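Engineer: Have a look at the structure that comes next, please.
The values are calculated or read from the model by the stated rules, or taken from the named source; none is laboratory data. Predicted model, so just to flag it, every value in this text is computed and none were measured. Don't worry about glycine lacking a Cβ; one is built from the backbone with ideal geometry, like all the others, and counts go over all protein chains shown.
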Amino acid sequence: MIGIVSYGGYIPLRRLSRMQVVQQMAWYNSLLYSLMTGERSVANWDEDAITMAVAAAVDALQNVEQKSIDAVYAASTSFPFDDRQNAAVIAEALNCRNNVRTVDMAGSLKAGVSAVVAALDAVESDSANKVMVTAGERRFTRAASTLELMYGDGAAALVVGRENVIAECIGSYSYHEDFVDHYRGADKRFDYQWEERFIRDEGFGRIIPTAIKLFCDNYHTDINEFACVIYPCPFAREHAGIAKKIKSAHVYTNLHDGVGDTGVAHPLVMLCHALDSAKPGDKILVVGFGQGCEIVAFKVTDAIESFKRPRGITRSIANKKDIPYPKYLKFRELINADTSIRAEAVPNTSLTALWRHRKMLNGFVGYKCKACGTPQFPPYPICVNPACNKSGAMDDYVFSDKMGTVLMYTGDMLAASVEPPALYGLVEFDGGGRTLLDFTDCELEKLNVGTKVAMSFRIHRQDSMRGFTGYFWKAVPIME
Amino acid sequence: MATGIKDKVAIIGMGCTKFGERWDADANALMVEAYNEAIADAGIEPGEIQAAWVATCFDEINVGKSALAASIALRLPNIAVTRVENFCASGTEAFRGAVYAVASGAYDIVLAIGCEKLKDIGYGGLPEFSQALGILNGLWFPNVTAPGCFAMLAGGYAAKYGLKMEDVKRAMAHISVKSHANGALNPKAHLQRPVTEEQVLQSPMIAYPLGLFDCCGVSDGAACAIVCSVDVAKAMKKKDFVTVKALQISVSNGEEMAFSNWDGAHVVNTEKAAIRAYAEAGIKNPREELSLLEVHDCFSITELVTMEDLHISERGKAIDDVMDGFFDSTGKIPCQIDGGLKCFGHPIGASGLRMVYEIYLQLHGRADKRQLKNPDIGLTQNLGGFPMMNVISVAIVGRYT
């Protein structure tokens, strides 16, 4: 049996109320009135397609040992790097083996589902036993555009394999057509979108039903066999219209109200959301849309009942905090806010040092002394324990999966920060070791000596002059 | 067998510029200002100086690297000049180099000079120093500032002793009020205005829980010392001169930040350097024996915690001593009688020597309105870096008896 063996999801903490944007910007664009309900998810300033993919993958790895992963297929249209493999960064952040196959899948919003199909093919052909598929998206939109209100940020991850399958693959189908509802040319920051009526009528409204019919015909099945039909379509009326066209009463919510359309990730975000409450025997159809459709279908197995549920999309949606519109604009650099002279000096990133210390920087790997057992970070050759100080007897020790406790902290108004005050402090890890870390997704008022924290892979510094994004791990207070 | 530095080296001349926003003066001018005072004070000719140690920290923004700037500015006669840098302990490091050079017998008369020209950068606070910890740290370290790191010490201290932050804040405010009152009497201080406890407590937040008035100023300045052996001082017919009783440096090895044995409520190396300095100087009970303190009050919380690390106050009890006025100008051991970093600001390379300068003036009875009654021995302490990773210097100087 081949199918999904684990899954995880991640929706960032912040939510932008659409009504707030309407109230402030509808004077400028009256089309916004049509999108005034609900809220969209917003990635923190230190999150992007890579970091959110890592968060979703970490969630999925609760049920799978990371060293058993044979390949990482990462999908996004908003990867931070055009050249430097994004999947390789993700694989290192996950501390995967170094002989994993890493592949970026990009270029179309259907690439997330395509990555799942490719992963299923790899397992079926025995070229991999387990494949981690990630899909993460943080798209830039112009201020006061309808896209700003329709899009959301988020990520999903699936592990595809043969053992302990919770949702068996029961078919896939590809339908290709160079339909361009929007595009983003090389070097462009924003999507260029065509007329909505055209996109609805000739795009979503025709292509998705066509592809689903072709799938059903191919497998001699009926759409009503599916307890859950997932397709992305950010236009509410058209989303419902498609359900009528395909005659299904089980079309799954497009999560417009609480999340927005997460692009490449969206079909998988919806799938992971559906899996959170799926029952054995449920059949799920997943459609990716973009220059045609990529379709994959699953049947949920009995194994899901004993499957340890991840944090997933459902709980991730529930964990939320409003973001004021001006702060959102600053996070996305849509306003040209003043910066202090202090923030001007941005040194380049030494790629030599980054390479030499890649396990430490990407995977948060420190040392554990073979002689005295002391976990320590950063990794230095001589043991930090004064009672030991043994030289050169270290095992790698991963800190990224450890919880910690805040020992000291501050909220620093002087430090250059996208969101002052800069929060950082000394964190003591469960199991030993301590280090100085940034805090993120929290406020000064929520921090205390003794606050419990978990680690999260985040943007450490953004070098816009040279186009480089540097990553490291930060501490996030545990809310639940 | 090492015998320590006690009473081997005399300070025969010192100089110190007016500290402040010296828009008028570059680093060269500042060094010359301090140097001319010291030369006149020592009563020597510049040609008698045989070697020099110069301290600057943010070298790239003022005098560049190497000892050239000092040698050129002071037109030193092609002697050995060495530049030292050890964060905020830099000034004391220059002093230590000069003192050790004399003690070794290699030279008769040596100059130590520290200088920093911070106010040429265009923004407040210390210059951005994310690169100062090396390339690798730049790839993962939080974007820390000095107030942020010392602010953490306040929280750590309050947590360790179960104190309410408002009580810690009040003691911190008392420290700032006390230092401002002292600085108001010192014409060389940058800030010469007294402040009230209310002003301190209501000042805008810089890094929680430190407000603006918990932070020392940032300023330009230079200070300098001329040292020689005790025999040379006697040969020069110097009377009632001041000698070095102890000089200690203690440097973190990474334990505080990476090993689970530090409480976050004290500064490990201050205590280590102090214990060694007291042993070197033959001080058994610093609370009874020391006449005055010039410590590294970069932030009010630093001064508070330092009183415990120097074994003046018992652990967890510095607040009581502070509130009792123990460190006030009228207290048992006045601390920062010149106004401290709080009022002088902190031109990094100069601060250590500026502290020695004040004790030197006090011991000679030349401290004018702020003169203490018969001081015998004083201690200076610098904290370079952060509470969790630092370079500490402690110097003790006193009357030669």
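Engineer: If you go through segment B:156-171, how many residues are at the interface with chain A (Cβ under 7 Å from one of its Cβ atoms) and either under 24 Å from the mean Cα position of the chain (by Cα) or β-branched (Val, Ile, Thr) (or both)? Can you show your working first?
Structural biologist: Initial filter on segment B:156-171 (at the interface with chain A (Cβ under 7 Å from one of its Cβ atoms)): B:156, B:159.
After this cut, where a residue has to be either under 24 Å from the mean Cα position of the chain (by Cα) or β-branched (Val, Ile, Thr) (or both) as well, the list is B:156.
Qualifying residue count, segment B:156-171: 1.
Engineer: How many of the residues making up segment B:211-250 are within 14 Å of chain A (Cβ to nearest Cβ) and of a type in the set (Val, Ile, Thr)?
Structural biologist: Residues flagged as within 14 Å of chain A (Cβ to nearest Cβ) and of a type in the set (Val, Ile, Thr) within segment B:211-250 amount to 1.
To keep it simple, each residue is scored yes or no on (1) acidic (Asp, Glu); (2) in the same structural domain as B:Val356 (by TED's automatic domain parsing); (3) free of Cβ contacts under 8 Å to residues at least 40 places away in the same chain.
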{"position": "B:His180", "(1), (2), (3)": "no, yes, no"}
{"position": "B:Leu185", "(1), (2), (3)": "no, yes, no"}
{"position": "B:Val227", "(1), (2), (3)": "no, no, no"}
{"position": "B:Asp231", "(1), (2), (3)": "yes, no, yes"}
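Engineer: If A:Tyr10 meets every condition in (1) farther than 25 Å from A:Val296 by Cα; (2) of a type outside the set (Lys, Arg); (3) crowded, with 17+ Cβ neighbours inside 10 Å apart from one, which number is that one?
Structural biologist: (1)
Engineer: Let me ask another. Inspect segment A:304-314 for any residue being within 14 Å of another protein chain (Cβ to nearest Cβ), within 19 Å of the chain's Cα centre (by Cα) and within 30 Å of A:Phe377 (Cα to Cα) and give the result as yes or no. I'd like the intermediate steps shown before the answer.
Structural biologist: Step one: of segment A:304-314, the residues within 14 Å of another protein chain (Cβ to nearest Cβ) are none.
Scanning segment A:304-314, I find no residue that is within 14 Å of another protein chain (Cβ to nearest Cβ), within 19 Å of the chain's Cα centre (by Cα) and within 30 Å of A:Phe377 (Cα to Cα), so the answer is no.
Engineer: Need pairs with beta-carbon distance below 8 Å; first residue over 18 Å from B:Val54 (Cβ atoms) and touching a residue at least 40 places away in the same chain (Cβ under 8 Å) and within segment B:111-128, second assigned to a loop (DSSP other than H, G, I, E, B) and among the aromatic types (Phe, Trp, Tyr); sequence gap 6+ or separate chains.
Structural biologist: B:Lys119/B:Trp23; B:Leu126/B:Phe58; B:Pro127/B:Phe58
The rows are residues; the columns are (1) in a helix (DSSP H, G or I); (2) farther than 16 Å from A:Gly136 by Cβ; (3) touching a residue at least 12 places away in the same chain (Cβ under 8 Å).
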site	(1), (2), (3)
A:Val5	no, yes, yes
A:Gly9	no, no, yes
A:Leu16	no, yes, yes
A:Val21	yes, yes, yes
A:Trp27	no, yes, no
A:Leu32	yes, yes, yes
A:Thr37	no, yes, yes
A:Asn63	no, yes, yes
A:Ser78	no, no, yes
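Engineer: Within segment A:439-465, which residues are closer than 18 Å to B:Leu153 by Cα and either free of Cβ contacts under 8 Å to residues at least 24 places away in the same chain or part of a strand (DSSP E or B) (or both)?
Structural biologist: Matches in segment A:439-465: A:Phe439, A:Glu445.
Engineer: Does segment A:131-156 hold any residues that are among the aliphatic types (A, V, I, L, M) and assigned to a strand (DSSP E or B), and which are they?
Structural biologist: Those that are among the aliphatic types (A, V, I, L, M) and assigned to a strand (DSSP E or B): A:Val131, A:Met132, A:Val133, A:Ala135, A:Ala155, A:Ala156.
Engineer: Anything in segment A:268-326 that is polar (S, T, N, Q), closer than 29 Å to A:Trp45 by Cβ and part of a helix (DSSP H, G or I)? List them, or say none. Break it down into steps so the answer makes sense when it comes.
Structural biologist: Residues of segment A:268-326 polar (S, T, N, Q): A:277, A:291, A:301, A:306, A:314, A:316, A:319.
Subsequent filtering for residues that are closer than 29 Å to A:Trp45 by Cβ retains A:314, A:316, A:319.
Correct list: A:Thr314, A:Ser316.
Engineer: Here's a follow-up. Take A:Leu436 and decide whether it is crowded, with 18+ Cβ neighbours inside 10 Å, more than 25 Å from the chain's Cα centre (by Cα), of a type outside the set (Gly, Ala, Ser) and part of a strand (DSSP E or B). Break it down stepwise before answering.
Structural biologist: Numbers: crowded, with 18+ Cβ neighbours inside 10 Å: yes; more than 25 Å from the chain's Cα centre (by Cα): yes; of a type outside the set (Gly, Ala, Ser): yes; part of a strand (DSSP E or B): yes.
So A:Leu436 passes the test.
Engineer: Further question on the same structure: Quickly run through segment B:108-153 and pick out the residues that are surrounded by 16 or more Cβ atoms within 10 Å (Cβ to Cβ) and among the acidic types (Asp, Glu).
Structural biologist: Residues satisfying the conditions are B:Asp108, B:Glu116, B:Glu128.
Engineer: Okay, moving on. Answer yes if at least one residue in segment A:230-253 is within 19 Å of A:Gly136 (Cβ to Cβ), in the same structural domain as A:Leu35 (by TED's automatic domain parsing), assigned to a helix (DSSP H, G or I) and without any contact (Cβ under 8 Å) to a residue 60 or more places away in the chain, and no otherwise.
Structural biologist: Let us first name the residues in segment A:230-253 that are within 19 Å of A:Gly136 (Cβ to Cβ), namely A:230, A:232, A:234.
Subsequent filtering for residues that are in the same structural domain as A:Leu35 (by TED's automatic domain parsing) retains A:230, A:232, A:234.
Pick out the ones that are also assigned to a helix (DSSP H, G or I) and you get none.
Scanning segment A:230-253, I find no residue that is within 19 Å of A:Gly136 (Cβ to Cβ), in the same structural domain as A:Leu35 (by TED's automatic domain parsing), assigned to a helix (DSSP H, G or I) and without any contact (Cβ under 8 Å) to a residue 60 or more places away in the chain, so the answer is no.
Engineer: Which condition breaks for B:Gly156 when tested against (1) farther than 26 Å from B:Ile319 by Cβ; (2) out of contact with any helix residue (DSSP H, G or I) (no Cβ under 8 Å at 6 or more places or on another chain); (3) surrounded by 21 or more Cβ atoms within 10 Å (Cβ to Cβ)?
Structural biologist: So the condition that B:Gly156 fails would be (1).
Engineer: Within segment A:343-370, which residues are among the charged types (D, E, K, R) and either facing chain B (nearest Cβ under 9 Å) or surrounded by fewer than 16 Cβ atoms within 10 Å (Cβ to Cβ) (or both)?
Structural biologist: We begin by selecting, within segment A:343-370, every residue among the charged types (D, E, K, R); these are A:344, A:356, A:358-359, A:368, A:370.
Those that are among the charged types (D, E, K, R) and either facing chain B (nearest Cβ under 9 Å) or surrounded by fewer than 16 Cβ atoms within 10 Å (Cβ to Cβ) (or both): A:Glu344, A:Arg356, A:Arg358, A:Lys370.
Engineer: Of the conditions (1) within 12 Å of another protein chain (Cβ to nearest Cβ); (2) free of Cβ contacts under 8 Å to residues at least 12 places away in the same chain, A:Gly392 fails just one. Which one is it?
Structural biologist: Single failed check for A:Gly392: (1).
Engineer: Turning to a different aspect of this structure: Return yes or no: is A:Leu426 assigned by TED's automatic domain parsing to the domain that holds A:Lys452 and either assigned to a strand (DSSP E or B) or modelled with pLDDT of 95 or more (or both)?
Structural biologist: Numbers: assigned by TED's automatic domain parsing to the domain that holds A:Lys452: yes; either assigned to a strand (DSSP E or B) or modelled with pLDDT of 95 or more (or both): yes.
In short, yes.
Engineer: Would you check which residues across segment B:90-139 are within 14 Å of chain A (Cβ to nearest Cβ) and hydroxyl-bearing (Ser, Thr, Tyr) and list them?
Structural biologist: Matches in segment B:90-139: B:Tyr123, B:Ser130.
Engineer: Looking at segment A:378-388, can you tell me whether even one residue there is within 26 Å of A:His460 (Cβ to Cβ), within 30 Å of the chain's Cα centre (by Cα), of a type outside the set (Val, Ile, Thr) and surrounded by 14 or more Cβ atoms within 10 Å (Cβ to Cβ)?
Structural biologist: yes
Engineer: Which of (1) under 25 Å from B:Gly156 (Cα atoms); (2) charged (D, E, K, R); (3) at the interface with chain B (Cβ under 9 Å from one of its Cβ atoms) does A:Lys402 not meet, given it meets every other one?
Structural biologist: Just one mismatch for A:Lys402, condition (3).
Engineer: Restricting to segment A:336-367, give me the number of residues that are modelled with pLDDT of 95 or more and of a type in the set (D, E, K, R).
Structural biologist: Looking only at that region, the number is 3.
Engineer: Do you know which residues across segment A:135-188 are β-branched (Val, Ile, Thr) and over 23 Å from A:Pro209 (Cα atoms)? Write out each step before concluding.
Structural biologist: Filtering segment A:135-188 for residues β-branched (Val, Ile, Thr) gives A:141, A:146, A:159-160, A:165-166, A:170, A:180.
Across segment A:135-188, the qualifying residues are A:Thr141, A:Thr146, A:Val159, A:Val160, A:Val165, A:Ile166.
Engineer: Among the residues in segment B:181-198, are any touching a strand residue (DSSP E or B) at 6+ places or on another chain (Cβ under 8 Å), assigned to a helix (DSSP H, G or I) and closer than 26 Å to B:Lys332 by Cα?
Structural biologist: No, segment B:181-198 has no match at all.
Engineer: Additional query: Given the criterion surrounded by fewer than 19 Cβ atoms within 10 Å (Cβ to Cβ) and among the aliphatic types (A, V, I, L, M), identify the matching residue among B:Leu372, B:Leu353.
Structural biologist: Working: B:Leu353 fails: surrounded by fewer than 19 Cβ atoms within 10 Å (Cβ to Cβ).
Going through B:Leu372, B:Leu353 in turn, the sole match is B:Leu372.
Engineer: Just to verify a result, which residue in segment A:262-310, among those that are among the acidic types (Asp, Glu) and touching a strand residue (DSSP E or B) at 6+ places or on another chain (Cβ under 9 Å), is surrounded by the most Cβ atoms within 10 Å (Cβ to Cβ)? Even if it seems obvious, please write down each step before you answer.
Structural biologist: Let us first name the residues in segment A:262-310 that are among the acidic types (Asp, Glu), namely A:276, A:282, A:294, A:302, A:305.
From the residues that got through so far, the ones that are touching a strand residue (DSSP E or B) at 6+ places or on another chain (Cβ under 9 Å) too are A:276, A:282, A:294.
Values: A:Asp276: 18, A:Asp282: 19, A:Glu294: 28.
Among those residues, the one meeting the criterion is A:Glu294.
Engineer: While we're here: I need every pair where a residue in segment A:305-333 that is within 19 Å of A:Met19 (Cα to Cα) has its Cβ under 7 Å from the Cβ of a residue that is assigned to a helix (DSSP H, G or I), sequence separation at least 6 or different chains.
Structural biologist: Here the result reads A:Tyr325/A:Gln20; A:Tyr325/A:Val21; A:Tyr325/A:Gln24, each pair linking segment A:305-333 to a residue that is assigned to a helix (DSSP H, G or I).
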